[in-house]
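To start, the structure under review is shown below, and the notes come after it.
The values are calculated or read from the model by the stated rules, or taken from the named source; none is laboratory data. All figures in this text were calculated on a predicted structure; none of them were measured in a lab. All Cβ positions, glycine included, derive from the backbone under ideal geometry; neighbour counts span all protein chains shown. Note: areas computed on protein heavy atoms with side chains; ligands, DNA, RNA excluded. Shrake-Rupley method; radii C 1.70, N 1.55, O 1.52, S 1.80 Å.
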Amino acid sequence: MFRNRWVSLLSLSALGAGSLVGCERTPPPAAPVAAPEPEKLPAPKPMTPEQLAHFFKPLPVRKDAPPPPEDTDAQVALGRMLYFEPRLSKNHDVSCNTCHGLTSFGVDNKALSDGHKGLKGTRNSPTVYNAAGHIAQFWDGRADTLEAQATGPILNPVEMAMPDEKRVLATLTSIPEYTKRFREAFPGDKKPVSMANAARAIAAFERKLVTKSRFDAFVGGQHDALTEQEQRGLQLFATTGCTTCHNGPAVGGTSFQKLGLIEDYPGLKDAGRFDATQSEDDRGKFRVPTLLNVEKTGPYLHDGSVVELPQMVRLMAKHQLARTLTDPEVDDLVAFLKSLTGELPPAEFISAPELPPSTAKTPKADPS
């Protein structure tokens with residue numbers, strides 16, 4: 001009996017020790033539970049060509065909108081001369097065409113253009129082609145018309161660097177051919193040679209700088225103008241949300257949008273439209289660029305920091321739409337964007353015209 005009790009005590013002790021050890025022992029990790037896969041949304045229903053074309057139709061003209069300018073042939077011809085005129089720069093070596101080359105789709109394909117004494121600004125030179133359809137001019141929209149934009153670079157110390165309006169007018173009035181051309185272009189003005197009329201003439205010329213592409217034919221109803229891949233890219237362009245910003249006849253240029261709308265854009269220091277309005281709501285916003293001829297107008301963004309078009313497509317999808325694109329999707333989108341490349345105006349219209357000679361009264365080139 002004593003032996004049995006001893007055995008029982010030993011058994012209880014063993015059980016107690018085992019229980020204590022079991023309380024202190026870390027339990028084995030539970031098997032990981034797989035997170036449920038997010039429910040995949042059904043692919044958007046493909047749009048018809050008519051529905052797709054609707055994104056790029058002109059908006060109805062507002063009843064209170066001013067009538068479009070009635071440009072005359074004389075104004076356009078004068079504007080073409082002034083566009084190519086290097087004597088509108090301080091050192092006679094920079095013209096509008098220097099940074100907005102008409103034979104290279106309205107740009108110079110540089111991140112930042114070279115101005116007076118080789119100085120560079122802080123923003124990329126946007127294309128001048130199809131700019132007449134934009135909501136405003138410059139990346140920050142500080143000029144609301146082509147006329148308001150035209151003379152800005154002439155007086156900008158980093159660009160054409162003319163010291164003042166007086167120097168500009170002294171240059172133009174010193175050349176008899178220009179005084180004659182201004183009288184013909186603005187016959188009702190007592191003083192036809194003026195900065196306002198110079199801007200008016202340059203703007204008249206720029207309104208003629210338009211391009212037409214196969215995409216325009218598609219929007220116009222010729223739905224076989226785009227290849228199968230280009231049409232896939234257009235479908236993706238619309239269903240992904242690109243048309244929220246890039247719409248209208250110029251496939252852009254109709255609004256101001258924040259760069260990094262969904263995900264902050266890395267390294268963004270430019271305040272954008274805030275510089276023009278001083279409104280915090282506009283900080284980091286830029287005028288949406290046209291995508292017409294985008295294949296030819298790189299490098300991209302306000303600072304020209306992106307060289308390759310496929311990279312630009314991926315960055316926009318990520319930062320503006322929170323979308324990571326597959327390689328085939330990028331290929332299709334780029335194919336569509338290349339369909340926006342149009343034909344340049346006739347060579348005789350976009351080449352440099354013969355400019356009148358200087359006279360003894362013409363201010364000399366000033367490299368200072």
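The trypsin sites (Lys or Arg not before Pro) found in region 326-368 that occupy coil by DSSP, while having at most 15 further C-beta atoms within 10 Å, are LYS361, LYS364.
Measuring r between the beta carbons of THR326 and HIS223 and using R0 = 25 Å, the FRET efficiency lands at 0.45. Simple spin-label estimate for VAL158 and TYR265 gives 1.6 nm between the two label positions (7 Å along the Cα-to-Cβ direction from each Cα). A dipole drawn for the chain from +1 and -1 charges on Cβ atoms has a positive end, and of VAL306, PHE182, THR171 the residue lying farthest that way is VAL306. Taking R0 as 30 Å, what FRET efficiency do you get between ALA65 and PHE274 from their Cβ-Cβ distance, rounded to the nearest 0.05? The calculated FRET efficiency here is 0.65. Loop-located GluC sites (Glu not before Pro) across region 264-368 with a Cβ neighbour count of 15 or fewer within 10 Å are GLU308, GLU354, with loop assigned by DSSP.
The share of C-alpha pairs in region 134-275 whose separation exceeds 22 Å stands at 59 percent.
Think of the chain as a dipole: +1 on every Lys or Arg Cβ, -1 on every Asp or Glu Cβ, centred on the Cα centre; then among THR127, SER113, GLN75, SER113 lies furthest on the positive end.
Measuring between alpha carbons in the structure, the pairs from LYS120/LYS269; LYS90/LYS361; LYS258/LYS318; LYS166/LYS191; LYS120/LYS166 lying more than 22 angstrom apart are LYS120/LYS166. Taking the accessible area of the chain, probe 1.4 Å, and keeping the other protein chains in place, the carbon and sulfur fraction comes to 58%. Temperature 37 °C, viscosity 0.692 mPa s: under these conditions the Stokes-Einstein estimate for region 35-154, based on its Kirkwood radius over C-alpha pairs, is 182 µm² per second.
Between ALA148 and ALA196, the simple label model (points 7 Å from Cα in the Cβ direction) yields a spacing of 1.6 nm. Computed from the Cα positions only, the extents of the chain along the three principal axes stand at 138, 52, 37 Å, in decreasing order.
Taking all protein chains into account, the per residue accessible area for region 263-316 stands at 50 Å² (1.4 Å probe). The string of couplings for region 104-119 from the Karplus curve (6.51, -1.76, 1.60, θ = phi - 60°) is 10, 6, x, 9, 10, 6, 10, 4, 9, 7, 8, x, 4, 6, x, 5 Hz, one whole number per residue in order, with x for Gly and Pro. Each residue of region 251-260 is assigned a 3J(HN,Hα), and the resulting list reads 6, x, x, 9, 7, 10, 9, 6, 7, x Hz, derived from the Karplus form 6.51 cos²θ - 1.76 cosθ + 1.60 (θ = phi - 60°), x at Gly and Pro. The loop-placed trypsin sites (Lys or Arg not before Pro) in region 143-234, going by DSSP, that have at most 16 neighbouring Cβ atoms within 10 Å of their Cβ come out as LYS190, LYS208. Extension gain for LYS318-SER104 works out to 74.1 nm (0.36 nm per residue, less the C-alpha to C-alpha distance). For VAL306, the residues 5 or more places off, or on other chains, whose built amide H falls under 5 Å of its own are TYR300.
As an exercise, use a Förster radius of 25 Å and the Cβ-Cβ distance of LYS208 and ASP281 to find the FRET efficiency, rounded to the nearest 0.05. The formula returns an efficiency of 0.10 here. At q = 0.23, 0.27 Å⁻¹, what is the base-10 log of I(q)/I(0) for region 290-368 according to the Debye formula with one equal point scatterer per Cα and no solvent? Please give it to two decimals. Scattering profile of region 290-368, log10 relative to I(0): -1.12, -1.31.
On full extension, the segment bounded by ASP73 and ASP93 gains 4.5 nm, given 0.36 nm per residue less the C-alpha separation.
When you restrict to C-alpha pairs under 8 Å that are six or more residues apart and normalise by the size of the chain, the relative contact order lands at 22 percent. Sorting VAL294, VAL307 by solvent-accessible area of protein heavy atoms yields VAL307, VAL294, largest first, with a 1.4 Å probe. In plain terms, the bigger the Kirkwood radius, the slower the diffusion; for region 223-326, with that radius from Cα pairs, at 25 °C and 0.890 mPa s, Stokes-Einstein puts D at 167 µm²/s.
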